[in-house]
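Taking it in order: structure first as structure tokens, then the write-up.
The values are calculated or read from the model by the stated rules, or taken from the named source; none is laboratory data. The model shown is predicted, which means the values in this text are computed figures rather than measured ones. Methodologically, a virtual Cβ is constructed for each residue, glycine included, from the backbone with ideal geometry; neighbour enumeration extends over all protein chains shown.
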Amino acid sequence: MSDVHLFDIRPALRFTTRFARYGIGNKVFTGPNPPYGALITYYLREKPDEKTTVKIQILDGAGRVIRELTQIPKEKGLNRTAWDLRYEGPKLRRPPSPEEVEFTGGPHGPQVLPGTYRVRLIVGEKTVEKPVEVRLDPTISVAEADLRAQLEAGLRLRDLISATNEALRALDSLRDQLQQIERTARDRLAEVPTELSSALADHLKQVEALQNELARPQNVPTYMTGPRLVERLGGLFFAIDGPNAAPTPAQREYLAELQQEFEQKIGRVNQFLSEAVPKLNETLRRFNVPTLLPGRPIERPRQ
């Protein structure tokens, strides 16, 4: 056997799970169920060092990488992990806490369509591949066009969530920079000029207002303020992604409404980044204090 070996992968079944009275099923089990998805077993002759990249890529029929698994076992001998039959999830505003990962499993991408995919194991400079077939639950009847419509909506929502979180990361950075500039000004200047302090305070309020349009403030329950854009996008994603079916007419209409809201609010964020921040930087230079780094405008996903 070679230094790196990827074993043949059994066909994986795409099916919908639901919680019953005592979890997934209400029978007494004598052992744990296998992980959902495609079980990937591989062999490493030696344990790779920390500098060696060990990851698994999932490729679609056109050879595009649709998922990358990086948190996988890499021990000497046999290793096993599972691909949950999903695309890459949305980019997040901040890394999830261990509790969030344990409860939700981390960010979810849309489910893949039934078909043949390729699993690529990369260990340093060595690469091995195997095919894996994804089959649909034979107990359900659904048209391929419906599943494709579901996938298209899921990918669209995933990309909208990613872009919204990118905007939130940019605003988080500006908020932190503004607060740091306030501290720097107090340290460097005997007295902070009113014009400078007012400009910093005003722009900090604008940043927070933009943040609160995109996401619910931290530590504020949803029932007090209602979901904001990123929460509504996430809620619709899970509603559409749950069954093996096409989006309903109401869901399609809601997605169109959220798309319009996204365009308006991301437009305001980009306007702030391209117009308000440069003007504030002119004021900051006059007072010889550090300036802001706004970053690039937020790119809108292709429709």
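Being modelled with pLDDT under 95, assigned to a helix (DSSP H, G or I) and either at negative phi or among the aliphatic types (A, V, I, L, M) (or both) is true for just one of D187, D202. Which residue is that? Step through it out loud before you land on a result.
Values: D202 fails: modelled with pLDDT under 95.
From the options D187, D202, the qualifying one is D187.
Scanning segment 251-275 for residues that are over 30 Å from D202 (Cβ atoms) and exposed (fewer than 13 other Cβ atoms within 10 Å of the Cβ) turns up E253, A256, E257. Hey, does segment 133-147 have a residue that's in contact (Cβ under 8 Å) with a residue 24 or more places away in the chain and farther than 30 Å from I9 by Cα? No - not one qualifying residue is present in segment 133-147.
Applying a threshold of 7 Å to beta carbon distances and a minimum spacing of six or more residues, or different chains, the list of pairs starting in segment 221-244 at a residue that is under 18 Å from T16 (Cβ atoms) and ending at one that is among the aliphatic types (A, V, I, L, M) and exposed (fewer than 13 other Cβ atoms within 10 Å of the Cβ) reads N244/I140. The single condition from (1) touching a residue at least 12 places away in the same chain (Cβ under 8 Å); (2) under 21 Å from D159 (Cβ atoms); (3) in a helix (DSSP H, G or I) that A276 fails is (2).
Residues in segment 69-80 that are part of a strand (DSSP E or B) and either closer than 14 Å to G106 by Cβ or without any contact (Cβ under 8 Å) to a residue 40 or more places away in the chain (or both): L69, G77, L78, N79.
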